[in-house]
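Colleague: What follows is a single structure, and I will ask about it in a moment.
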Amino acid sequence: MNDFERQIAALSPEQRMVFEKYLKQKRLNKERTQEISKIEIKKRQDFSEIPLSFAQQRLWFFQQLNPNNSAYNIFSALRIEGNLSIELLGKVFTEIVGRHESLRTTFTTNSEGIPIQVIAPSQPLKLPIVDLKEVPNRHEELQMLASKEAEKPFDLTKPLLRISLLKLAETEYVLLLTMHHIISDRWSLGIFVREMKVLYEFFSNKQSTSCTNAGQIPLSKLPIQYADWTVWQQKYLQGEVLEVQTNYWKKQLANLPVLKLPTDRPRPAIATYKGVKQSFELSKTLSDALKTLSVKEGITLFTLLLTVFKVLLYKYTNQNDVVVGTDIANRNQVETEGLIGFLINTLVLRTDLSRNPIFTQLLSRVREVTLKAYVHQDLSFDKLVDILKPERNLSEMVPLFQVKFDLQQVQVEPVELSNLTVSPLNFDNGTAKFELRFNLSQTDRGLTGLVEYSTDIFDTNTITRMVEHYRNLLERIVANPQQHLSELSLLTEQEKRQLLVECNNTEVEYPLRCIHELFEAQVEKTVMRSQ
């Protein structure tokens, strides 16, 4: 008997029922994916007016309302050290832009005012060079130029890809790459970096003297382009497919609550999308323990981390009905795997945390909701919003949910080039697309996280404390996943002692932003008496 069989044999009858249900749902997911993959995406025949995908439509309207907003800029910076060939690098980018129509796409409207895609012909790309060798304090200048580039908004009627090279010394450069989200996503960024690596190596080894013949390069010819996928999406998502998807989401998201997180300031009448990103790390020991627990419970690491995050939100709001958004790659067909384009979809995950469940019971609830959402992922978030028509106001950053949670399972691979050392640089463009977003990633040293939050409503100290509370929950759940929600505490022992001191001081008004601590059982009565 192997380890897996022993784990199955050790399951209780209740756990076995849950596990069998999970396997059944997994089979349904596999069957659905196979069914979708059989639906061929054909190259479009009509090149006159190319429609926008449903996701592109939302970003197009957003940009019309917020033309000077850079919240949907995808920005990356790479430090390159060594004998870089600028000529070859320009050749590489010309080839990539030639391969992917999305990188040559702009947007306009037709005679009826409907937005359409416009694809420019392929042509050599001129790589702008900014020489900073003689500039005093060039690293400060680099910071300023990178921030300025990241924050510079796009005009959707003009090219939506910007590449520039900053020269700091004879063998030291920084490459700045910016794309608008309407033509790209995180998966696409990984494709761009991978193709950059392959092509630079190919050209630098002088295996080809010309890139005019696409068949010569060591990259497979793309079976379709992003515009072909948008045409397919419009045709596929109708009739019975649309009805089944719509019926599920209408039922699942009926009477959707608003998550009432305690904030440092009231929401402004009009969201500014100003924000900051804050990073954190979980120890290798804790990360490994979380992976072990997910295997033991027969769930994915994402489901485990999301469930703990929902416990955190429950503790902060005292709401039993918790709604969180999450991203899914949305690349079920083999034709889309190598495409640069905006294919990512957002799912709305709603969980019932009532009746004080044991944490492992809550895991089952979250897993069931997540798996059903995956089955019904074909309805794009933007089409869903259009169907549900939720009441909107300008203070909302996105409809249907306020908080987002993601786990990046696939990392953008490091760029390793001959005779060059390449390393990523982190810059913040000062924007946030959501009130609050936890974005975790798996690395060799353990789980890392990036919290994006709106500075309209949150202060840095509030987010720092929230991250620590999330870490505390993870540690306590790993130690004992059989605790009821009411038994799980956010606070460290020091915080508990300090809170009791503050609560017993009737001359000090209890801070609103710490209101989530009202729900800590050991101090709840004291706090209520002090108010």
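The values are calculated or read from the model by the stated rules, or taken from the named source; none is laboratory data. For clarity, every value in this text was computed on a predicted model and none was experimentally measured. Positions of Cβ are backbone-derived with ideal geometry, glycine not excepted, and every protein chain shown enters the neighbour counts.
Colleague: Quick check on the stretch 236-244. Is at least one of its residues in the same structural domain as ARG350 (by TED's automatic domain parsing), surrounded by 13 or more Cβ atoms within 10 Å (Cβ to Cβ) and charged (D, E, K, R)?
Modeller: Within the stretch 236-244, not a single residue is in the same structural domain as ARG350 (by TED's automatic domain parsing), surrounded by 13 or more Cβ atoms within 10 Å (Cβ to Cβ) and charged (D, E, K, R).
Colleague: Let me ask you something else. Given the criteria surrounded by fewer than 20 Cβ atoms within 10 Å (Cβ to Cβ) and either at pLDDT below 95 or assigned to a loop (DSSP other than H, G, I, E, B) (or both), does GLU495 qualify?
Modeller: Spelling it out, GLU495 is indeed surrounded by fewer than 20 Cβ atoms within 10 Å (Cβ to Cβ) and either at pLDDT below 95 or assigned to a loop (DSSP other than H, G, I, E, B) (or both).
Colleague: Give GLU368, GLU391 a once-over and let me know the one that is over 19 Å from the mean Cα position of the chain (by Cα), surrounded by fewer than 20 Cβ atoms within 10 Å (Cβ to Cβ) and not in a loop (DSSP other than H, G, I, E, B).
Modeller: GLU368
Colleague: Hey, among the residues in the stretch 70-123 that are charged (D, E, K, R) and in contact (Cβ under 8 Å) with a residue 60 or more places away in the chain, which one's farthest from HIS180 (Cα to Cα)?
Modeller: Step by step, filter the stretch 70-123, then rank; the result is GLU81.
Colleague: Same structure, new question: Going by the structure shown, is ALA150 surrounded by fewer than 16 Cβ atoms within 10 Å (Cβ to Cβ) and in contact (Cβ under 8 Å) with a residue 24 or more places away in the chain?
Modeller: It is false that ALA150 is surrounded by fewer than 16 Cβ atoms within 10 Å (Cβ to Cβ) and in contact (Cβ under 8 Å) with a residue 24 or more places away in the chain.
Colleague: Do you know which residues across the stretch 85-124 are part of a loop (DSSP other than H, G, I, E, B) and of a type in the set (Asp, Glu)?
Modeller: Across the stretch 85-124, the qualifying residue is only GLU112.
Colleague: Follow-up. Name every residue in the stretch 295-313 that is under 19 Å from the mean Cα position of the chain (by Cα) and either modelled with pLDDT under 95 or more than 19 Å from PRO262 (Cα to Cα) (or both), in order of residue number.
Modeller: THR300, LEU301, PHE302, THR303, LEU304, LEU305, LEU306, THR307
Colleague: Restricting to the stretch 422-448, name every residue that is in contact (Cβ under 8 Å) with a residue 40 or more places away in the chain and of a type in the set (D, E, K, R).
Modeller: Hits for the stretch 422-448 are ASP428, LYS433, GLU435, ARG445.
Colleague: Next question. Name the residues in the stretch 260-316 that are more than 28 Å from GLY430 (Cα to Cα), part of a loop (DSSP other than H, G, I, E, B) and among the hydrophobic types (A, V, I, L, M, F, W, C), would you?
Modeller: ILE299
Colleague: Examine the stretch 114-129 for a residue that is more than 23 Å from LYS91 (Cα to Cα), surrounded by 15 or more Cβ atoms within 10 Å (Cβ to Cβ) and of a type outside the set (Val, Ile, Thr), and state whether such a residue exists.
Modeller: Yes, because at least one residue in the stretch 114-129 is more than 23 Å from LYS91 (Cα to Cα), surrounded by 15 or more Cβ atoms within 10 Å (Cβ to Cβ) and of a type outside the set (Val, Ile, Thr).
Colleague: Looking for whichever is within 18 Å of LEU343 (Cβ to Cβ) and either within 19 Å of the chain's Cα centre (by Cα) or assigned to a loop (DSSP other than H, G, I, E, B) (or both) here; the options are VAL385, VAL415. Which one fits?
Modeller: Just one listed residue meets the conditions, VAL385.
Colleague: Quick one: count up the residues across the stretch 52-71 that are buried (at least 20 other Cβ atoms within 10 Å of the Cβ) and hydroxyl-bearing (Ser, Thr, Tyr).
Modeller: Selection size over the stretch 52-71: 1.
Colleague: Right, another one. Do you know which of the residues in the stretch 259-272 that are within 21 Å of the chain's Cα centre (by Cα) and under 23 Å from VAL322 (Cα atoms) is surrounded by the fewest Cβ atoms within 10 Å (Cβ to Cβ)?
Modeller: Of the stretch 259-272, the ones within 21 Å of the chain's Cα centre (by Cα) are 259, 261, 271-272.
Add one more test, that the residue is under 23 Å from VAL322 (Cα atoms), and what stays is 259, 261, 271.
Numbers: LEU259: 18, LEU261: 20, ALA271: 21.
So the residue we want is LEU259.
Colleague: For GLU335, all conditions in the list (1) assigned to a helix (DSSP H, G or I); (2) touching a residue at least 12 places away in the same chain (Cβ under 8 Å); (3) surrounded by fewer than 18 Cβ atoms within 10 Å (Cβ to Cβ) hold save one; what is the number of the exception?
Modeller: Condition (3) is where GLU335 drops out.
Colleague: Would you please list the contacts, defined by Cβ atoms under 6 Å and residues six or more apart or on different chains, that run from a residue in the stretch 359-373 that is charged (D, E, K, R) to a residue that is outside any helix (DSSP H, G or I)?
Modeller: Hits for this filter: ARG365/THR351; ARG367/ILE299.
Colleague: OK, next. Scan the stretch 227-246 and report the pairs whose first residue is farther than 13 Å from LYS42 by Cβ and whose second residue is surrounded by fewer than 16 Cβ atoms within 10 Å (Cβ to Cβ) and modelled with pLDDT of 90 or more, with Cβ atoms within less than 6 Å and a gap of 6+ or a chain change.
Modeller: As it stands, the answer is THR246/ILE387, since those pairs meet every condition given.
Colleague: So, VAL398, is that one more than 30 Å from SER283 (Cβ to Cβ), assigned to a loop (DSSP other than H, G, I, E, B) and in contact with a Ser or Thr (Cβ under 9 Å, 6 or more places away or on another chain) or not?
Modeller: Taking the combined requirement at face value, the residue satisfies it.
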